[in-house]
Amino acid sequence: MTREHTSSGGTELGRFLRARRTRLTPAEAGLAAGTGPRRTPGLRREELATLAGISVDYYARLERGKETRPSASVIDALAGALRLDDGEHEHLRSLAILAARRVPEPPASPSRTVRAGTKLLVESMRPYPAYVVSRTTDVLAWNPGALRLLPGLEQWPAKERNIARYVFLHPAARELFDDWGSQVRGSVARLRVLAGTDPDAPDLTQLVGELLLKSPDFTRLWERHDIRPHAHGRKIFHHPEVGDVALGYQAMQLEGTPGHRLVAFFAESQTPEHDALVLLDLLGSQPSQASAPRSTRRSDTAQDDAAA
């Protein structure tokens, strides 16, 4: 990461507070509109401090990383003033605990090893695409359909296959996902959650540093401090080999691992989507070949959320 995004530039607690303060308008916070000009649409430090019932100086020290041991009551008051939901409130508590710690050196990167039984499970899910990812979304294990579902990913070396890297940096990603904006926001949110608990981890800092340098979209979303990753739902793909398909997906935490997750896509039997998955599984089992895209591609106007 750059210096601005490391512990030398403050704390994750301070950065999170500032990001949420600048996004909350006085009207949303229940304050009357003032008469003077505002430099930003968000709350001023003194306004948030007043709402939380703490001194302006103390809040400023929190935001700048000079104060690192706020009480539980202060954290709860700030969460209420910032209108945080339950998940964000818990994240704020975690950041406060982290800020009070003193870590002498970065921890070692977690293991990338996937147990043989987990690999067998992934393989048994065919033709449904399934893969195992690390806590930073490195793709650690996969079945044929999973690799084929993300066009071009198989062309990257195995150690470079990463979902966040793919959605931001691979040219096929914007065309592949019907809602690319939602996809990338979820990827950033998952990394932000990890940054809140393990900000100096080598696997995280290396990936985030790369994306900050190479993707303006990632940089903009990273500064928002959103922490709402998606664990299940529905995705629409505009796939160059099987056309437009709508698939359900479910992500599952794998217990006894250093943050590994199993992600699987599915479709009901006897549907065009299921037939598409069978075809992807078949294509993925064959030697990799370049294939011509089908004509069922979305128009440029469907990419309006890419900048969201």
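The values are calculated or read from the model by the stated rules, or taken from the named source; none is laboratory data. The structure presented is a predicted model; accordingly, all values stated were derived computationally and were not measured. Cβ placement follows ideal geometry from the backbone for every residue including glycine, while neighbour counts extend to all protein chains displayed. The area values use the complete protein model at the heavy-atom level, side chains included, leaving out ligands, DNA and RNA. Shrake-Rupley method; radii C 1.70, N 1.55, O 1.52, S 1.80 Å.
Here are Phe177, Phe168: which of them is aromatic (Phe, Trp, Tyr), in contact (Cβ under 8 Å) with a residue 60 or more places away in the chain and buried (at least 17 other Cβ atoms within 10 Å of the Cβ)? Residue meeting the stated conditions: Phe177.
So which residues in segment 227-269 are of a type in the set (Asp, Glu) and without any contact (Cβ under 8 Å) to a residue 40 or more places away in the chain, if there are any at all?
Within segment 227-269, the first condition is being of a type in the set (Asp, Glu), and the residues that meet it are 241, 244, 255, 268.
Passing the criteria: Glu255, Glu268.
Just so you know, in segment 209-226 the residues that are among the aliphatic types (A, V, I, L, M) and touching a helix residue (DSSP H, G or I) at 6+ places or on another chain (Cβ under 6 Å) include one that is surrounded by the fewest Cβ atoms within 10 Å (Cβ to Cβ), and it is Leu212. Is it true that some residue in segment 119-134 is loosely packed, with under 15 Cβ neighbours inside 10 Å and in a loop (DSSP other than H, G, I, E, B)? No: segment 119-134 contains no residue that is loosely packed, with under 15 Cβ neighbours inside 10 Å and in a loop (DSSP other than H, G, I, E, B). Taken over segment 265-287, the residue count meeting the criterion of being among the aromatic types (Phe, Trp, Tyr) and open to solvent by less than 50 Å² (accessible area, probe 1.4 Å) is 1. Of the residues in segment 230-253, none is under 17 Å from the mean Cα position of the chain (by Cα), aromatic (Phe, Trp, Tyr) and within 22 Å of Arg20 (Cα to Cα). The residues of segment 127-165 that are without any contact (Cβ under 8 Å) to a residue 40 or more places away in the chain and over 21 Å from Ser215 (Cα atoms), listed by number, are Ala141, Trp142, Ala158. For the subset of segment 236-271 comprising residues that are hydroxyl-bearing (Ser, Thr, Tyr) and in a loop (DSSP other than H, G, I, E, B), which member is nearest to Ala172 (Cα to Cα)? The extreme case among them is Thr271. The sole residue among Leu121, Leu82, Leu98, Leu51 that is closer than 23 Å to Phe266 by Cα, of a type in the set (A, V, I, L, M, F, W, C) and either touching a Phe, Trp or Tyr at 6+ places or on another chain (Cβ under 9 Å) or in contact (Cβ under 8 Å) with a residue 24 or more places away in the chain (or both) is Leu121.
The set of residues from segment 64-91 being at pLDDT 85 or above, open to solvent by less than 90 Å² (accessible area, probe 1.4 Å) and under 19 Å from Pro199 (Cα atoms) comprises Gly87, Glu88, His89, His91. When segment 229-247 is filtered for residues that are closer than 27 Å to Thr113 by Cα and not aliphatic (A, V, I, L, M), the ones remaining, listed by number, are Pro229, His230, His232.
Any residue that is open to solvent by less than 40 Å² (accessible area, probe 1.4 Å), in a helix (DSSP H, G or I) and either out of contact with any Ser or Thr (no Cβ under 7 Å at 6 or more places or on another chain) or at pLDDT below 70 (or both) - is there at least one of those in segment 22-42? The answer is no; no qualifying residue exists. If you filter segment 245-264 down to residues that are in contact with a Phe, Trp or Tyr (Cβ under 7 Å, 6 or more places away or on another chain) and of a type outside the set (Ser, Thr, Tyr), you find that the one that is surrounded by the fewest Cβ atoms within 10 Å (Cβ to Cβ) is Gly248. Out of Val114, Val56, one residue alone is at pLDDT 80 or above, over 18 Å from Val193 (Cα atoms) and either within 25 Å of the chain's Cα centre (by Cα) or open to solvent by less than 60 Å² (accessible area, probe 1.4 Å) (or both). It is Val114.
Exactly one residue out of Ala195, Ala146, Ala189 is open to solvent by less than 30 Å² (accessible area, probe 1.4 Å), touching a strand residue (DSSP E or B) at 6+ places or on another chain (Cβ under 6 Å) and part of a helix (DSSP H, G or I): that is Ala146.
For segment 289-306, indicate whether the set of residues that are modelled with pLDDT of 85 or more, hydroxyl-bearing (Ser, Thr, Tyr), over 23 Å from Asp138 (Cβ atoms) and assigned to a loop (DSSP other than H, G, I, E, B) is non-empty. Among the residues of segment 289-306, not one is modelled with pLDDT of 85 or more, hydroxyl-bearing (Ser, Thr, Tyr), over 23 Å from Asp138 (Cβ atoms) and assigned to a loop (DSSP other than H, G, I, E, B), which makes the answer no.
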